[in-house]
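Here the structure is laid out as structure tokens; the discussion comes afterwards.
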Amino acid sequence: MSPTVVDAVAGSSVDEVSVLRGQLAWARERIETLEVDNAGLVRDNEKLTVKNEKLTTEVEKLRARLEESRRAGKRQAAPFSRGEKKSDPKRPGRKPGEAYGRRARREAPPPERVDEVIEVGLPECCGQCGGRVAFDEMAEQHQEEFVPAHARVRRYEIALGHCTDCKRRVRGRHADQTSDALGAAGVMLGPNAHALAAWLHVGLGVPMSKTAEILHKMAGIKVTAGGLHSALHTTAGDAETTYQTLLDSLRNSRAVAADETGWRIDGVRGWLWVYVGDEVTVYDIAGGRGYEQAKQILGEDFAGVLERDGWAPYRKFVHARHQSCLAHLTRRCREMIDDSVAGQAKVPHALARILKDALAARDDGLQGEVLADAVADLQQRIDTFCQRQPTHAPNRRLVDHTAREADHLLTFLTFEGVEATNWRAEQGLRPMVVNRKHWGGNKTRAGADSQAVIASVLRTAIQHDLDPIETLATIRTTGHIPDQLADAIGPSP
């Protein structure tokens, strides 16, 4: 190879080395840049992985709760279910030893009235060995037995006449008569039968067909379910005056607990309302769940204390003082804590502590300046809580709701006789909700109105330990509120 060629090759090699060195330097810089970028991506990936795990856990919890809610809604016994059965439950019944409790029989003293005495003699011989049996003494045992009743058929021989002046027909009327009908319509049920049927159906939730069967088996009274429905409407009509008296007493109550739940009227969605006042309980079955429906019962100028949940229409009673149910808020905080991840539980925990301290102030029986200082401190803590600005959406909604109710959380500490929750209304709803499980609601608007009237009378009578059947029977014959119930309700404040 000639020198010129060698030089050319050697020169070419030098250029390539320079190029390669430049490329190598660029590659190193690029690698360093990529390593930095990769480290950042690794850190981001780790953060996203942790967040994804948290979100996955939360989603699984929510899915489990949703599935449980769906299954519970389809179970007929869902309201009475206590969830999973304990693996090692305690033995049912009384406990031995000191844990047994007070020892007593069903009726501590023997019955004062004995209708029948049956002498039980000794057997002729011992059942064990066949030996002779000698008498020692007599012992007593009492048994209360149901004796099948028989309907008493009354025939009213009614004097008919006329006025000698205006010639208008005049007839006699006995206090126990439930109707003036004569002729083909002159066979009817008495007031006690009407009251018993109403109590069985409205008070205990027995369907009308079964109520008719009970009357037949117990007393031999033959009546159809349709006949009992007609009698129920008649009883409700006679009780309308009593219902208006209950309304007047409710509107003058110092405190009223209110609540509502779903209902059906001929398959169409409606609402069952309950209002529990100082001395009365009033039901209303309405087509809506708003202020207009509540106003029809309480009156727009109601000026007592309204114990209620956070449902917005209640706030429109501007003349009333309000007590927002602490049980609802406490339950909401507990559910949010169960569903929370990491620091999300701080906000509901903070509110739950305030509510717990408010209830403790009530239970400790604080009075005077000590109570006033406690209320002022609690109100300051509530106001501080309402100034929070959480980023977690459920916590933000909780703070917003508390801010709307901030002035109505401590009323029970400053007004005597006011409850911290609306438990009285929920207790009033319970028997009607049980009835709803049996027959769903009402077939007609008239049936809903009759049910509301009779249920109000029955619940108020029970509220004062009065016999609901006797109360309805008196209303059925007189059309006015019975004296016992009127005395129990007392004059309007």
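Annotations
- Given (1) polar (S, T, N, Q); (2) open to solvent by 10 Å² or more (accessible area, probe 1.4 Å); (3) touching a strand residue (DSSP E or B) at 6+ places or on another chain (Cβ under 7 Å), number of the condition Ser456 does not satisfy: (2)
- Positions within the stretch 410-419 being of a type outside the set (S, T, N, Q) and surrounded by fewer than 22 Cβ atoms within 10 Å (Cβ to Cβ), in sequence order: Leu413, Phe415, Glu416, Gly417, Val418, Glu419
- Ile354 vs. criteria within 29 Å of the chain's Cα centre (by Cα) and modelled with pLDDT under 95: no
- You will find that of Asp383, Asp363, Asp373, the residue that is within 28 Å of the chain's Cα centre (by Cα) and open to solvent by 50 Å² or more (accessible area, probe 1.4 Å) is Asp363 and no other.
- In the stretch 180-193 there is no residue that is surrounded by 12 or more Cβ atoms within 10 Å (Cβ to Cβ), assigned to a loop (DSSP other than H, G, I, E, B) and in contact with a Gly (Cβ under 7 Å, 6 or more places away or on another chain).
- Residue within the stretch 400-409 that is in contact with a Phe, Trp or Tyr (Cβ under 7 Å, 6 or more places away or on another chain), of a type outside the set (Ser, Thr, Tyr) and outside any helix (DSSP H, G or I) present: no
- Here is the figure for the stretch 434-459: residues that are farther than 17 Å from Asp266 by Cα and of a type in the set (A, V, I, L, M, F, W, C) total 6.
- Residues of the stretch 406-421 satisfying the condition of being in contact with a helix residue (DSSP H, G or I) (Cβ under 8 Å, 6 or more places away or on another chain) and touching a residue at least 60 places away in the same chain (Cβ under 8 Å): Leu409, Phe412, Val418, Glu419, Ala420, Thr421
- From Leu232, Leu204, Leu196, residue being open to solvent by 50 Å² or more (accessible area, probe 1.4 Å), more than 30 Å from Gly304 (Cα to Cα) and hydrophobic (A, V, I, L, M, F, W, C): Leu204
- Yes/no for Pro390 being in contact (Cβ under 8 Å) with a residue 40 or more places away in the chain, out of contact with any Cys (no Cβ under 6 Å at 6 or more places or on another chain), surrounded by 13 or more Cβ atoms within 10 Å (Cβ to Cβ) and not in a helix (DSSP H, G or I): yes
The values are calculated or read from the model by the stated rules, or taken from the named source; none is laboratory data. These numbers come from a predicted model, not from an experiment. Using ideal geometry, Cβ is built from the backbone for each residue, glycine included, and neighbour counts are taken over all protein chains shown. Quick note on the areas: whole protein, heavy atoms, side chains included, nothing else; ligands and nucleic acids left out. Shrake-Rupley method; radii C 1.70, N 1.55, O 1.52, S 1.80 Å.
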